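Below: one structure, written as C-alpha cells.
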Amino acid sequence: MRIDLLLAGAGLASALIALRVAEARPGARIRLVEQAERPPDAHTWCFHATDLTPAWHRRLASGLRARWEGQEVRFADHRRALRAGYASLDDAGLARLLAAAEGIEVVRGAPVAALDAGGATLRDGTRMDAACVIDGRGAAPSRHLVTAWQKFLGIEFETEAPHGLARPVIMDATVPQIDGYRFVYLLPFSPTRLLVEDTRYSDGPALDDAAAADEVRAYAEARGWRGTEARRERGVLPIALAHDAAGLWQEAAGGAVPVGLRAGLFHPVTGYSLPVAARVADVVAESPLATGAVFAAVRDFALPRAREDRFLRLLNRMLFRGCPPEARHRVLSRFYRLPEPLIERFYAGRLTALDRLRIVAGKPPIPVSAALPCLREAPLLATAR
Ligand SMILES: Cc1cc2nc3c(=O)[nH]c(=O)nc-3n(C[C@H](O)[C@H](O)[C@H](O)COP(=O)(O)OP(=O)(O)OC[C@H]3O[C@@H](n4cnc5c(N)ncnc54)[C@H](O)[C@@H]3O)c2cc1C
C-alpha cells in the first residue's frame, strides 16, 4: 500500500501534523509509527487560549480534558489574575482525535531503527516507504542547541474535600527558591481533582523524583489538601540558551523532515511546544506531500522563527548565566507586571519590537556587568562542539 505521509513517533508534533493533513487532504494515507505499545498517561499538554487560531481550537476541542476561563500567577511581592483562557490536552485525548480522523493509521509497538527521505526501517527489519517522511521522535541532543533545563514532577490528587481552586495557577513562586527558579503549577481538573507540580528552572537536568514528590506532598498538605494520588507526570525539558538553527537544518538535509523538540521547535523560555507544533502542522498541510518539499517548507518556517527567538534565548542566558539561581524569581516577577497583551504575545511567540523594548526597559533586573557576557550566543555554541 502506498503511504503518502509517514511520521516516526506518535507524539505531539506528529499527531498535530497528521490531524491537519488528514483534514486538508481527504484520501491521503497517513501512518504514524510509534515505539510504545499504547498511548502513555504521561502528559497534560496545556496552552493559552491566545496561542492558537480558531481553526486549531475547533480541531482540538473534542480531545481536551479541561478548559478554564483564566489563570493566575503568584510571587512573594504580587499576585495577578490573567484573563487568557487555558486548556489541557492529554495523551488519551490526542489518541482519540487520531482514532476519529479519516485516513490516519497508528502502528504501535513499532520502534523505528532508521529513517531516510524515502521511508522508515523498523527495528524488526520491516521497511515502509512513503512519499513524505517526517521525524517526530522527540528530543534528541544536538550540538546546535545549548540548553538549560525546566524540570518538574507533578502529582494529581483526588482530594477528600473540594480543594477550592477555580482556575490554574501557572506559577506559584512564593515557595522557597531552591535549585534555580522554582514554582508550583496547579491545574484544577475538577472540584476534587488537582495536579500539583513542582517545577525548577535549573542549570542541570538531574531530577530527584522522590525529593520532588515529597515537596509536592508537603505543599499540598500545607494547604489542607489531603487525598489519594491518581497519577504522576514528570519532565526534563530543554530551555534554549543558544541555537544554531541553520546548522541543525543543514545537518538534517537529505533525510526525513525533523519536527517537534527534535528540530528545536519549542518556545525557548517556557519549553512549551504545542503552539509552534500547530503552526508547523499548518506549514506541512500547505506544502506538496513530498519529503523534499516539506523539508524546505518547514525549514523556511523554522529559520526565521529561530532568528526571532534570538531575543528569548538572550533572556534565558541572562536568567541562567547572569542571575544567581536564588534571584531568578525577581526577573519573572517583574515580567508578570507587564501588560497582559504583551504576556499573551510572549507565550504565542509573537512579540513585537516594542514588546521586546518594554521587557528590557527600566531598571535592569540584573547588573549590566553580569548581562554583558550573556549577549552573544556563539561562544556557548562553540563550547558545545
Ligand atoms: C510531562 C510533560 C508535560 C508537558 N506539558 C506541556 C504543556 O503543558 N504544554 C506544552 O506546549 N508543552 C508541554 N510539554 C513539552 C512538549 O510540548 C512535549 O515534550 C511534547 O510532547 C514534545 O513533542 P514531540 O512531538 O517533539 O515529542 P513527543 O511528544 O515526546 O513524541 C515523540 C514520540 O516519538 C516516540 N519515539 C521515540 N523514538 C522512537 C522510535 N525510535 N521509533 C518510534 N517512535 C519513537 C516516542 O515514544 C514519543 O511518542 C510537556 C512535556 C512533558 C514531558
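The values are calculated or read from the model by the stated rules, or taken from the named source; none is laboratory data. None of these values were measured; they are calculated from a predicted model. Positions of Cβ are generated from backbone atoms using ideal geometry, with glycine treated the same way; all protein chains shown enter the neighbour counts. When the accessible area is computed, the model is the full protein with side chains, heavy atoms only, and any ligands, DNA or RNA have been set aside. Shrake-Rupley method; radii C 1.70, N 1.55, O 1.52, S 1.80 Å.
Check the range 248-257 and report whether any residue there is at pLDDT 95 or above, within 16 Å of the ligand (Cβ to nearest atom), in a loop (DSSP other than H, G, I, E, B) and open to solvent by less than 50 Å² (accessible area, probe 1.4 Å).
Yes, the conditions are met somewhere in the range 248-257.
So is residue 283 within 16 Å of the ligand (Cβ to nearest atom), closer than 30 Å to residue 121 by Cβ and open to solvent by less than 10 Å² (accessible area, probe 1.4 Å) or not? Lay out the reasoning, then the answer.
Working: within 16 Å of the ligand (Cβ to nearest atom): yes; closer than 30 Å to residue 121 by Cβ: yes; open to solvent by less than 10 Å² (accessible area, probe 1.4 Å): no.
Taking the combined requirement at face value, the residue does not satisfy it.
For the range 261-275, does any single residue satisfy the condition of being farther than 26 Å from residue 43 by Cα and open to solvent by less than 20 Å² (accessible area, probe 1.4 Å)? Before you say what the answer is, go through the steps one by one.
Going residue by residue through the range 261-275, those that are farther than 26 Å from residue 43 by Cα are none.
For the range 261-275, residues farther than 26 Å from residue 43 by Cα and open to solvent by less than 20 Å² (accessible area, probe 1.4 Å): absent.
Give the range 117-128 a look and list any residue that's open to solvent by 60 Å² or more (accessible area, probe 1.4 Å), more than 9 Å from the ligand (Cβ to nearest atom) and touching a strand residue (DSSP E or B) at 6+ places or on another chain (Cβ under 7 Å), or say none.
Result: 127, single match.
Would you point out the residue of the range 64-111, among those that are of a type in the set (D, E, K, R) and buried (at least 16 other Cβ atoms within 10 Å of the Cβ), that is nearest to residue 166 (Cα to Cα)?
Looking only at the range 64-111, we keep the residues that are of a type in the set (D, E, K, R), and these are 65, 67, 69, 72, 74, 77, 79-80, 83, 90-91, 96, 102, 105, 108.
Pick out the ones that are also buried (at least 16 other Cβ atoms within 10 Å of the Cβ) and you get 65, 72, 74, 90-91.
Details: 65: 15, 72: 10, 74: 15, 90: 20, 91: 23 Å.
Of everything passing the filter in the range 64-111, 72 is nearest to residue 166 (Cα to Cα).
Quick one: what pairs do we get from the range 307-323, first residue farther than 14 Å from residue 379 by Cα, second in a helix (DSSP H, G or I) and modelled with pLDDT of 95 or more, C-beta under 8 Å, 6+ apart or different chains?
So the pair list comes out as 307/245.
Give the residue, chosen from 153, 195, 165, 186, that is free of Cβ contacts under 8 Å to residues at least 24 places away in the same chain, open to solvent by less than 40 Å² (accessible area, probe 1.4 Å) and outside the structural domain of residue 269 (by TED's automatic domain parsing).
Values: 153 fails: free of Cβ contacts under 8 Å to residues at least 24 places away in the same chain; 195 fails: free of Cβ contacts under 8 Å to residues at least 24 places away in the same chain; 165 fails: free of Cβ contacts under 8 Å to residues at least 24 places away in the same chain.
That would be 186, the only listed residue that is free of Cβ contacts under 8 Å to residues at least 24 places away in the same chain, open to solvent by less than 40 Å² (accessible area, probe 1.4 Å) and outside the structural domain of residue 269 (by TED's automatic domain parsing).
For the condition modelled with pLDDT under 95 and at negative phi, what is the one hit in 117, 148?
Details: 117 fails: modelled with pLDDT under 95.
148 is the lone residue from the list that is modelled with pLDDT under 95 and at negative phi.
I'm trying to understand the selection: among the residues of the range 201-240, which are open to solvent by less than 50 Å² (accessible area, probe 1.4 Å), away from the ligand (no atom under 16 Å from the Cβ) and modelled with pLDDT of 95 or more?
211, 219, 220, 224, 225, 227
Of the residues in the range 324-344, how many are part of a loop (DSSP other than H, G, I, E, B) and open to solvent by less than 10 Å² (accessible area, probe 1.4 Å)?
Step one: list which residues in the range 324-344 are part of a loop (DSSP other than H, G, I, E, B), which gives 324, 336-339.
If we keep only those that are open to solvent by less than 10 Å² (accessible area, probe 1.4 Å) as well, we get 336.
Within the range 324-344, residues that are part of a loop (DSSP other than H, G, I, E, B) and open to solvent by less than 10 Å² (accessible area, probe 1.4 Å) number 1.
Of everything in the range 76-133 that's of a type in the set (Lys, Arg) and free of Cβ contacts under 8 Å to residues at least 40 places away in the same chain, which residue is nearest to residue 14 (Cα to Cα)? Steps first, please.
From the range 76-133, those of a type in the set (Lys, Arg) are 79-80, 83, 96, 108, 123, 127; that's our starting set.
Cutting the leftovers down to free of Cβ contacts under 8 Å to residues at least 40 places away in the same chain gives us 79, 96, 123, 127.
Values: 79: 37, 96: 14, 123: 20, 127: 19 Å.
For the range 76-133, the residue satisfying everything is 96.
Suppose the filter is near the ligand (Cβ under 6 Å from one of its atoms), assigned by TED's automatic domain parsing to the domain that holds residue 111 and surrounded by 19 or more Cβ atoms within 10 Å (Cβ to Cβ); does residue 15 pass it? Show your work before the answer.
On the way: near the ligand (Cβ under 6 Å from one of its atoms): no; assigned by TED's automatic domain parsing to the domain that holds residue 111: yes; surrounded by 19 or more Cβ atoms within 10 Å (Cβ to Cβ): yes.
No; evaluated as a whole, the condition is false for this residue.
Scan the range 345-363 for residues that are open to solvent by 70 Å² or more (accessible area, probe 1.4 Å) and under 14 Å from residue 331 (Cα atoms) and report the count. Reasoning before the result, please.
Taking the range 345-363 first, the residues open to solvent by 70 Å² or more (accessible area, probe 1.4 Å) are 345, 350, 353-354, 357-358, 363.
Still in the running and under 14 Å from residue 331 (Cα atoms): 358, 363.
Residues in the range 345-363 being open to solvent by 70 Å² or more (accessible area, probe 1.4 Å) and under 14 Å from residue 331 (Cα atoms): 2 in total.
What pairs can you find where one residue is in the range 266-287 and over 17 Å from residue 7 (Cβ atoms), the other is buried (at least 20 other Cβ atoms within 10 Å of the Cβ) and of a type in the set (Lys, Arg), and their Cβ atoms are less than 6 Å apart, with a gap of 6+ or different chains?
Partner pairs satisfying both residue conditions: 268/313.
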